[in-house]
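One structure is given below, encoded as structure tokens.
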Amino acid sequence: MNSFLPGLYIVSTPIGNLEDITLRALNVLKNSDKILCEDTRRSIKLLNFYGIKKKLIPNHKFNEKKISNSIIQSISNGERISIISDAGTPIISDPGLIIVKECIKNKIDIFPIPGVSAVSTAMSVSGFDDQYFFYGFLQKKSSLIEKEINKIKDYDANIVFFVPAVKINFYIKYFKKFFKCRNIFIGREMTKIHETFYRENLDKFSGFKEKLKGELTVVLSKKINNSSQENFFDENKLIKDIEAYLKRYSLKDVVKLVSEKNNLSKKKVYNICLSIKKKWKKI
């Protein structure tokens with residue numbers, strides 16, 4: 001550790017589960033003179049959970065430029081200022097870039113305090129390979145969306161987007177229009193109680209009937225051939241179905257039934273069955 005030198009600390013925070021924060025991040029926050037945060041109402045929940053009482057300064061796209069000079073002055077006077085976002089790593093699709101640039105311009109030390117990221121979390125369970133391009137949030141207007149997607153539609157890599165849940169069906173129609181022969185992975189409420197993962201062949205995916213809340217992490221796979229396509233499924237529901245089947249049928253029959261019903265590989269279903277049986281043995 002740097003013995004908490006004056007400077008700007010870029011502190012990663014949980015994306016859902018409050019326990020997903022590093023010891024170093026907590027130590028830095030406890031020793032900060034001020035904490036810049038995207039939304040004080042959300043950040044105070046995290047800080048209260050760990051008994052951290054510090055001065056919170058709102059930092060968002062509407063005031064970041066205005067407060068940057070005072071932040072630079074505070075650090076120049078010897079203060080240690082941390083910046084956090086509502087979830088994950090600051091600056092990445094979140095406020096903070098203006099202040100970081102000002103620190104660089106004024107030769108002020110910047111210390112990254114890494115941690116959880118929605119991007120790496122989603123990629124780790126997507127089932128896609130590790131070559132990906134992170135895009136973040138798309139524009140809101142149709143003309144701008146098409147212009148953006150046209151630039152990246154032919155990328156031979158997995159592409160990661162952040163999408164407001166209430167707008168997922170709106171963006172799905174653009175994904176289907178411009179990205180052909182790809183699978184789609186959607187992570188909802190990641191690391192939270194109602195964490196759910198969806199997987200589907202994009203060409204077959206018609207969107208959601210129910211209204212979703214929060215933000216989604218969406219990953220579009222590289223272009224695929226027909227043999228690698230797998231049907232959309234709610235992983236939590238699939239596990240519940242398999243648990244019910246295992247109580248009535250043999251392992252062999254369950255693997256055959258579930259793999260054919262959901263167009264999944266027998267190996268994948270078999271591994272899920274084994275993990276369920278292991279869980280039962282521990283109970």
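The values are calculated or read from the model by the stated rules, or taken from the named source; none is laboratory data. Nothing here was measured: the structure is a model prediction, and the numbers come from that model. Ideal geometry is used to build each Cβ from the backbone, glycine not excepted, and the neighbour counts take in all protein chains shown.
Before moving on, here are some points about what is shown:
- Residues of segment 260-283 satisfying the condition of being assigned to a helix (DSSP H, G or I), more than 13 Å from LEU238 (Cβ to Cβ) and modelled with pLDDT under 80: GLU260, LYS282
- Tally of residues being within 18 Å of VAL119 (Cα to Cα) and touching a helix residue (DSSP H, G or I) at 6+ places or on another chain (Cβ under 9 Å) across segment 165-188: 6
- Residues of segment 191-219 that turn out to be assigned to a strand (DSSP E or B) and among the hydroxyl-bearing types (Ser, Thr, Tyr), as a count: 3
- Residue in segment 251-259 that is in contact with a Ser or Thr (Cβ under 8 Å, 6 or more places away or on another chain), among the polar types (S, T, N, Q) and touching a residue at least 12 places away in the same chain (Cβ under 8 Å) present: no
- Scanning segment 194-226 for residues that are of a type in the set (A, V, I, L, M) and surrounded by 18 or more Cβ atoms within 10 Å (Cβ to Cβ), we see that the one that is farthest from LYS237 (Cα to Cα) is LEU220.
- Of all residues in segment 166-181 being under 15 Å from ILE149 (Cα atoms) and within 20 Å of the chain's Cα centre (by Cα), the one that is surrounded by the most Cβ atoms within 10 Å (Cβ to Cβ): PHE175
- Test: VAL100 is among the hydrophobic types (A, V, I, L, M, F, W, C), closer than 19 Å to ILE186 by Cα and either under 17 Å from the mean Cα position of the chain (by Cα) or not in a loop (DSSP other than H, G, I, E, B) (or both): no
- Being at positive phi and assigned by TED's automatic domain parsing to the domain that holds TYR132 is a description that applies to GLU189.
- With respect to the conditions (1) closer than 30 Å to THR196 by Cα; (2) assigned to a loop (DSSP other than H, G, I, E, B), LYS107 lacks only one, and its number is (1).
- Taking helices (runs of 4 or more DSSP H) as the structural unit, those lying wholly within segment 1-87 and holding at least 2 residues that are surrounded by fewer than 13 Cβ atoms within 10 Å (Cβ to Cβ) and charged (D, E, K, R) correspond to 40-49, 64-76.
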